[in-house]
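Undergrad: Attaching a single structure in structure tokens format; questions to follow.
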Amino acid sequence: MQSNRIIAYRIRALRCRYGLTQAALAARAELSEVTISSIERGIWQPRLATVAAIAKALGVSLDELVGWNRPDDGRSRRRSALLLQLETDLAALTDADLAVLAATAAALRKHRTR
């Protein structure tokens with residue numbers, strides 16, 4: 001299900017943004033590491049109480065984590081999933097790689113505004 005993947009991406013992106021391992025997030029949320037891993041891989045659909053515990057452990061609102069306040073059209077969901085995947089990927093880059101990527105993004109923006 002697409003919504004499971006989006007929640008999975010958001011959990012992983014936020015976990016990586018805050019520098020947490022799956023084990024650390026699991027401990028904060030009082031869940032097992034297997035549960036976190038299964039949710040992040042999109043193979044287990046968590047109950048609302050589980051998602052709420054993860055949101056609290058990450059220090060975000062439930063709305064922010066699941067995206068309830070976002071428009072529900074295909075383009076918005078796709079864009080949200082892509083941005084979250086990008087955020088996850090960026091967390092693994094070095095500072096030098098990020099500088100190159102930032103310069104590339106700036107050049108792309110400049111090119112698009114012509």
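Undergrad: Towards the positive end of the charge dipole of the chain, with charges on Cβ (+1 Lys, Arg; -1 Asp, Glu), say which of 107, 36, 19 has the farthest Cα.
TA: 107
Undergrad: The list (i) 1.11; (ii) 1.18; (iii) 1.01 gives values of Cα Rg over 2.2 N^0.38 Å, and only one came from this structure; which label was calculated from it?
TA: Recomputing Cα Rg over 2.2 N^0.38 Å here picks out (ii).
Undergrad: Estimate the FRET efficiency between residue 5 and residue 60 by the formula 1/(1 + (r/R0)^6), using the beta-carbon distance for r and 22 Å for R0, to the nearest 0.05.
TA: 0.75
Undergrad: Using the Cα centre of the chain as the reference point, and only Cβ charges (+1 on K/R, -1 on D/E), how large is the resulting charge dipole? Debye, rounded to the nearest 20.
TA: 520
Undergrad: Between 88, 104, 50, find the one with the highest GNM mean-square fluctuation for the chain; connect C-alpha pairs within less than 10 Å.
TA: 104
Undergrad: Another question about this same structure. Which residue fluctuates most in the GNM of the chain (Cα springs below 10 Å): 66, 51, 34?
TA: Of 66, 51, 34, the most mobile in the Gaussian network model is 34.
Undergrad: With springs only between Cα atoms under 10 Å apart, run a GNM on the chain and tell me which of 103, 27, 91 wobbles the most.
TA: 103
Undergrad: Full-extension gain between residue 52 and residue 38, please, as 0.36 nm times their residue separation minus the C-alpha to C-alpha distance.
TA: 3.4 nm
Undergrad: For the chain, what does -39500 (n - 2.57) per DSSP helix run (n ≥ 4), summed and divided by total residues, give at 222 nm, in deg cm²/dmol to the nearest 500?
TA: Values: 7 runs with 84 residues, N = 114.
Value at 222 nm, helices only, nearest 500: -23000 deg cm²/dmol.
Read-outs: derived from the displayed coordinates by stated rules, not from any lab. It should be emphasised that the depicted structure is a prediction, and the values quoted were computed from it without experimental measurement. Glycine gets a Cβ as well: all are built from the backbone with ideal geometry, and neighbour counts include every protein chain shown.
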